[in-house]
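Below is one structure, written out as structure tokens; comments come after it.
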Amino acid sequence: MELQREVLTSEILDSRHDFRPTAVEVEVRWDPLLGYSARLVRDAHFLPPSDFDLEALGRETAATCFFCGPRAEQVTPRFPPALVPEGRIRCGEALLFPNIQAYAKHSSVSLYSPDRHYLPLERMTPQLVRNNLAAQVDFLARVVRHDPAAAWTAISGNHMLPAGSSLFHPHLQGSADPHPTTVQRLHAEVPADRVRDYLDTERRLGERHLGSLGGVQWLASFAPFGFNELRAFVPGVASPAELGDGRVEALAEGISRALGLYAELGMQSFNVAIYGAPAGSAGAALCLRLVSRSSLTPLYRSDVAYFERLHWQAMVDRTPEELAQLAGSRFRG
């Protein structure tokens with residue numbers, strides 16, 4: 001498989017250098033699976049680390065948070081008995097309940113813990129992530145048994161306000177719907193042999209392939225959706241509802257290591273999506289995307305502008321190869 005890229009160069013008279021002719025360039029890359037393009041602008045420093053006091057904001061917001069402590073039991077909704085007889089799903093510290101905002105036919109919210117209102121990335125342990133994922137997998141498995149038409153499942157997350165979360169308290173969201181999102185559909189349309197070819201190519205090249213944890217392949221995205229994008233593939237699994245305990249544990253281990261990397265890079269906020277297709281889809285490979293987002297800081301620059309929102313094209317400032325070097329050996333078993 002050829003991984004297509006092109007560096008575009010032009011010349012300006014740069015006032016920073018006494019208006020001498022100066023070359024400027026941007027690199028365009030095309031994703032080998034979905035065909036979209038992304039642009040790499042080196043040394044732009046779009047998302048600088050922030051020293052914003054998240055812990056202080058956590059203390060400030062905890063008093064009125066209805067995901068915190070006993071309020072999570074008193075205020076959050078419950079599922080009907082036909083779907084979840086016990087009303088809510090628990091796994092370790094994780095607590096899952098219906099999403100009061102219906103983003104899909106079946107929507108859920110799962111807390112890493114009602115008692116962890118402030119949960120910085122470096123404290124996202126494999127066990128916390130594993131329990132939260134397991135609660136979502138349990139929910140989605142129940143939904144597809146209860147409502148087989150809602151076969152398009154996903155597990156997603158907005159961590160912190162810059163990532164789109166309306167609440168400070170860390171959580172994941174699950175969805176099951178009769179209709180795929182755009183990216184779910186695009187991933188489901190990729191032939192299985194092309195996914196295998198892509199993974200084989202990245203393993204052979206080595207500069208972005210990070211390793212395998214429990215059968216889950218991790219790599220830095222060749223053409224990123226967003227900043228510091230890491231991707232994971234689970235071959236032979238189509239839906240999160242199909243994930244067994246071993247794969248859930250492996251995914252959680254990788255996500256925890258990825259968030260540790262983001263913390264080392266000074267990041268505080270991220271989005272994650274695990275895109276599911278109908279269970280049993282031939283040759284499917286479950287796909288995960290993880291991107292860092294802007295940090296909380298006064299007058300911060302949003303990392304989503306017209307290129308990302310309206311052109312569906314990421315404009316990032318660190319190459320996937322640099323990100324892979326920073327990740328080092330953490331994704332090797």
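Summary of computed values
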| item | result |
| --- | --- |
| Cα centroid of the range 178-196 to Cα centroid of the range 13-74, whole Å | 27 |
| Unit charges at the beta carbon, dipole of the chain: most positive-side option, Ala176, Leu161, Ile274 | Ala176 |
| For the chain: relative contact order, % (alpha-carbon pairs under 8 angstrom, 6 or more apart) | 21 |
| Leading residue at positive end of dipole, the chain (Cβ point charges), from Trp152, Ser295, Phe307 | Trp152 |
| Theoretical gain in end-to-end length, Arg309 to Ala149 [0.36 nm per residue, Cα-Cα removed] | 54.6 nm |
| Local electrostatic count at Leu296 - Lys and Arg +1, Asp and Glu -1, tallied over other residues with Cβ under 11 Å | -1 |
| Total charge dipole magnitude, the range 54-327, about the Cα centre, Cβ charges on Lys, Arg, Asp, Glu only, Debye to nearest 20 | 400 |
| Length released on extending from Val28 to Arg301, taking residue separation times 0.36 nm less the Cα-Cα span | 96.0 nm |
| Extended-chain gain in nm, criterion 0.36 nm per residue less alpha-carbon gap, Glu122 and Asp197 | 23.6 nm |
| Acute angle (nearest 10 degrees) that the helix 126-146 long axis makes with the longest principal axis of the chain, alpha-carbon atoms | 60 |
| Sites Leu13 and Glu86 - FRET efficiency at Förster radius 56 Å, r taken between beta-carbons, to 0.05 | 0.20 |
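The numbers here are math on the coordinates, done by the rules we state, and not lab data. This one's a predicted model, so the numbers in the text were calculated from it and none came from an experiment. Heads up, the Cβs are rebuilt from the backbone with ideal geometry, glycines too, and the neighbour counts pull from every protein chain shown.
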